[in-house]
Amino acid sequence: MTKDNSLYLGHDQTRNPYRICTWQDKANCAGCGIEDGLNCRFNRGDLLYFLALFSPPAIAAVAGMIRGGFSWWLAGWAGYMVFFFFVWEARILCSHCPYWAEETRVLHCLANYGVIKIWRYHPEPMSAEEKVQFLVGAGALVAYPFPFLILGGEYILAVLTLAGFVSFAFSLKKHVCPRCVNFSCPLNAVPKPTVDEYLSRNPVMRKAWEEHGYQLDSSAGD
Ligand code: SF4
Ligand code: SF4
């Protein structure tokens, strides 16, 4: 991969070897028409929104497992989360995301902020196998507490956990996935013209996507 920073002399681009516009100086966004259509720059408010969505069902599940007598099994859930977020999901999903392209040890993004990056950035889109793995892995993470809540007789907290995860999924689909820059995620819902516009501004990504069969509409980037 060519690490050509020459296009952005005048800005601190030492951490942006792939020339991803998300990590350019904000001044380079002037004139871009898609800023309002994408969460394409790191914003603490977006991170807090994500955490606020995930916390209620997670808290209900933890409370239910403790009350039901399965406290020790929380270690299994926590361990799986560490493995999933830092290793498995990090490779199959996040390593393809423009947020991952920042050359730092720690991920700065709108959801998994703080993950230590053990994988290199992959500008190409996710493969079909990676999409299936992501859905299976995320499904297992969400499903984990329910057997313990049921076996522990914590039916009300089980229902609250389920309602929280359903609400989390609806909010993601309505407010996060239609604006997320990880376009090849199976949940992504950004319209193709916006994807094409972003790719036309990011030649490293565009080349990798086109090498994997993606075609931009001819008007993109005009
Ligand atoms: S798509 Fe890129 S250039 Fe456009 S506003 Fe977002 S970060 Fe800036
Ligand atoms: S896919 Fe989501 S969680 Fe992963 S790096 Fe991108 S914004 Fe963060």
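The values are calculated or read from the model by the stated rules, or taken from the named source; none is laboratory data. The shown structure was predicted, so the numbers you read here are calculated from the model rather than taken from an experiment. Neighbour counts run over all protein chains shown; Cβ positions are idealised from the backbone, glycine included. Each accessible area value is taken on the protein alone, full model and side chains, heavy atoms only, with ligands, DNA and RNA left out. Shrake-Rupley method; radii C 1.70, N 1.55, O 1.52, S 1.80 Å.
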Quiz item: Just for helices (runs of 4 or more DSSP H) wholly inside region 149-222: which have at least 2 residues that are over 26 Å from residue 132 (Cα atoms)?
Solution: 155-171, 192-200
Quiz prompt | Test for residue 142: is it closer than 24 Å to residue 101 by Cβ, touching a residue at least 12 places away in the same chain (Cβ under 8 Å) and of a type in the set (Val, Ile, Thr) | solution = no
Self-check item: Conditions (1) away from ligand 2 (no atom under 16 Å from the Cβ); (2) touching a helix residue (DSSP H, G or I) at 6+ places or on another chain (Cβ under 6 Å): number failed by residue 88
Solution: (1)
Quiz item: How many residues does region 155-210 hold that are away from ligand 1 (no atom under 16 Å from the Cβ), open to solvent by less than 20 Å² (accessible area, probe 1.4 Å) and aliphatic (A, V, I, L, M)?
Solution: 2
Practice problem: Residues being away from ligand 2 (no atom under 16 Å from the Cβ) and part of a loop (DSSP other than H, G, I, E, B): count how many of those fall in region 13-40. | Solution: 11
Quiz item: Can you spot a residue in region 188-199 that is among the charged types (D, E, K, R), touching a helix residue (DSSP H, G or I) at 6+ places or on another chain (Cβ under 6 Å) and more than 16 Å from ligand 2 (Cβ to nearest atom)?
Solution: no
Practice problem: Find all pairs meeting these conditions: Cβ atoms under 6 angstrom apart; at least six residues apart or on different chains; first residue within region 67-84 and closer than 24 Å to residue 113 by Cβ; second residue of a type outside the set (Ser, Thr, Tyr) and surrounded by 13 or more Cβ atoms within 10 Å (Cβ to Cβ). | Solution: 74/65; 84/137; 84/141
Quiz item: When you look at residue 138, is it under 29 Å from residue 195 (Cα atoms) and among the small types (Gly, Ala, Ser), yes or no?
Solution: yes
